[in-house]
1. Which ³J(HN,Hα) values, rounded to whole Hz and listed in residue order, are derived for the range 88-99 from phi using the Karplus coefficients 6.51, -1.76 and 1.60 in 6.51 cos²θ - 1.76 cosθ + 1.60 with θ = phi - 60°, glycine and proline given as x?
2. Which of (1) 36, 31, 23; (2) 36, 31, 29; (3) 64, 30, 19 is the computed Cα extents along the principal axes in Å for the structure on display?
3. Could you report the chain's accessible area per residue, 1.4 Å probe, as an integer in Å²?
4. When the Karplus curve 6.51 cos²θ - 1.76 cosθ + 1.60 is applied with θ = phi - 60°, which whole-Hz ³J(HN,Hα) does each residue of the range 69-86 get, with x for Gly and Pro?
5. Against the longest principal axis of the chain, how steep is helix 6-18, in degrees 0 to 90 to the nearest 10, with axes from Cα atoms?
6. Quick one: Karplus J couplings for the range 19-28, per residue in order, coefficients 6.51, -1.76, 1.60, θ = phi - 60°, nearest Hz, x for Gly and Pro?
7. Take the solvent-accessible surface of the protein heavy atoms, probe 1.4 Å, and return the percent of it on the chain that carbon and sulfur atoms account for.
8. Per DSSP helix of 4 or more residues, -39500 (n - 2.57); summed, then divided by the residues of the chain. What does that give at 222 nm, rounded to the nearest 500?
Amino acid sequence: VTKICKDLADKLTQLKNSVSGLNLIITSTIDGDHESSCHKANNAKSGNCADISLRDSSGNPVVHTDPSWGKLCSAVVSIKGLDFLNEATNQGTCNNTRKFQTYAKTTAPHLHIMRTSDK
């Protein structure tokens, strides 16, 4: 993680605290080769998003069929000022909340979390 706005960082801390038992990992903020402008440096949206994945107790990525994704998606929706793109799973709660979609540069199951307000 290289850069993130404070409001989004606070909301991600709130998210982590609301999903005890899930191992959330921020995999990207402003870095890498992404399509979304919030991942790119030096623009108005820089630092207003983060990619989040889940890891198991051994540190391995959680597969897209794991029901933990549903718990995470429900938690994101419950936090005011956050929204997400579902690049994680085509099953269960996540898919019902936000349809699963991959993009040209999607490399692994994750949620693209976006800050939507200062509230």
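The values are calculated or read from the model by the stated rules, or taken from the named source; none is laboratory data. In this text, all values refer to a predicted model and were calculated from it rather than measured experimentally. Heads up: the accessible areas ignore ligands, DNA and RNA and are worked out on the full protein's heavy atoms, side chains in. Shrake-Rupley method; radii C 1.70, N 1.55, O 1.52, S 1.80 Å.
1. 9, 8, 9, 10, x, 4, 4, 5, 6, 7, 9, 4
2. Entry (2).
3. Here the per-residue accessible area is 54 Å².
4. 4, x, 4, 5, 4, 4, 5, 4, 4, 7, 9, 4, x, 10, 9, 7, 9, 8
5. The answer is roughly 10 degrees.
6. Each residue's phi maps through the Karplus curve to give 10, 4, x, 9, 9, 7, 10, 7, 9, 6 Hz.
7. 50 percent
8. Numbers: 3 runs with 30 residues, N = 119.
Helix contribution divided over all residues of the chain: -7500 deg cm²/dmol.
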